[in-house]
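The values are calculated or read from the model by the stated rules, or taken from the named source; none is laboratory data. Owing to the predicted nature of the structure, the values given are computational and were not obtained by experimental measurement. Using ideal geometry, Cβ is built from the backbone for each residue, glycine included, and neighbour counts are taken over all protein chains shown. Side chains included, ligands, DNA and RNA excluded: accessible areas come from the protein's heavy atoms. Shrake-Rupley method; radii C 1.70, N 1.55, O 1.52, S 1.80 Å.
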Amino acid sequence: MYVKFLFPNRFKMLGWIMAIPAFVLMLFVLHNDFSFAFLDYTAKGSDRLALDNGFIYNVQSNNFTDEIGSLLLISGLLFIAFSKEKDEDEMISKLRLESLLWAVFINSIFVMLAIIFIYNLLFLNVMAYNICTTLILFIARFNLVLQSERKKLNQEAL
C-alpha cells in the first residue's frame, strides 16, 4: 500500500535517538531550571525594541536550551509516530488512524480537565507537557494495538 505522507521506516530509529535524550533534557529544564551555558544569547548594545518588555518577548537575552530540547523532542516524536512500518498495509493504516483519533480524544479530555481544575502557573506547566502528549499517546496506543494484532495473526497462522 502506498502511503503518501509517512516518513521512511529508517526515520523511526532516528526518532528514538532524538526523542529519548531530548525528553530527559526537557525534564531537567522544566524541573531543575537546567540550561547549557554555551546556548546563552545576549544582544549587544542598549537599544531596546518597543516589543521587548521582558515579559513575553525578549531579544536582549535568552538561553536556547529549552527551545532546542523542545524542537528535538517534537521532531523525534514525529519521526517515531509517522514512520512507515516495514510491512505497511491497509490494516496498519486503519490502526494508525484509530490510534490517532483515540490520542486526540484522550488529549482533548486532558486539556478540558486541566482548564476546569488547574490554574495559574501550574496550568502553564501542564500545557508545556501537553505539547507532546498527543504524540506520546498515539505512539503508545499504536504500538500496543499493532503488537496485539500481530500476535493474533501469528496465533491464527499456527
Among (1) assigned to a helix (DSSP H, G or I); (2) open to solvent by 60 Å² or more (accessible area, probe 1.4 Å); (3) not basic (Lys, Arg), residue 145 falls short only on (2)
Considering segment 5-54 alone, what residues qualify as being at pLDDT 90 or above, under 30 Å from residue 88 (Cα atoms) and assigned to a loop (DSSP other than H, G, I, E, B)?
6, 8, 9, 10
Is there any pair linking a residue in segment 118-147 that is more than 22 Å from residue 88 (Cβ to Cβ) to one that is open to solvent by less than 60 Å² (accessible area, probe 1.4 Å) and of a type in the set (Gly, Ala, Ser), with Cβ under 8 Å and at least six apart or on different chains, and which?
123/114; 126/114; 127/114; 130/114; 131/70
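Confirm whether residue 136 is in a helix (DSSP H, G or I), under 17 Å from residue 26 (Cβ atoms) and either of a type outside the set (A, V, I, L, M, F, W, C) or open to solvent by 50 Å² or more (accessible area, probe 1.4 Å) (or both).
Details: in a helix (DSSP H, G or I): yes; under 17 Å from residue 26 (Cβ atoms): yes; either of a type outside the set (A, V, I, L, M, F, W, C) or open to solvent by 50 Å² or more (accessible area, probe 1.4 Å) (or both): yes.
Judged against the criteria, residue 136 is a match.
Between 79, 64, 105, which is open to solvent by less than 50 Å² (accessible area, probe 1.4 Å) and of a type in the set (Phe, Trp, Tyr)?
Answer to the check: 79.
So which residues in segment 77-93 are in a helix (DSSP H, G or I) and touching a helix residue (DSSP H, G or I) at 6+ places or on another chain (Cβ under 6 Å)?
So the first thing to find is which residues in segment 77-93 are in a helix (DSSP H, G or I), and the list is 77-81, 90-93.
Across segment 77-93, the qualifying residues are 77, 79, 80, 81.
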From the list 71, 113, 77, 146, which residue is touching a Cys at 6+ places or on another chain (Cβ under 8 Å) and not hydroxyl-bearing (Ser, Thr, Tyr)?
77
Selected residue [in contact with a helix residue (DSSP H, G or I) (Cβ under 7 Å, 6 or more places away or on another chain), at pLDDT 95 or above and farther than 29 Å from residue 10 by Cα] from 110, 123:
110
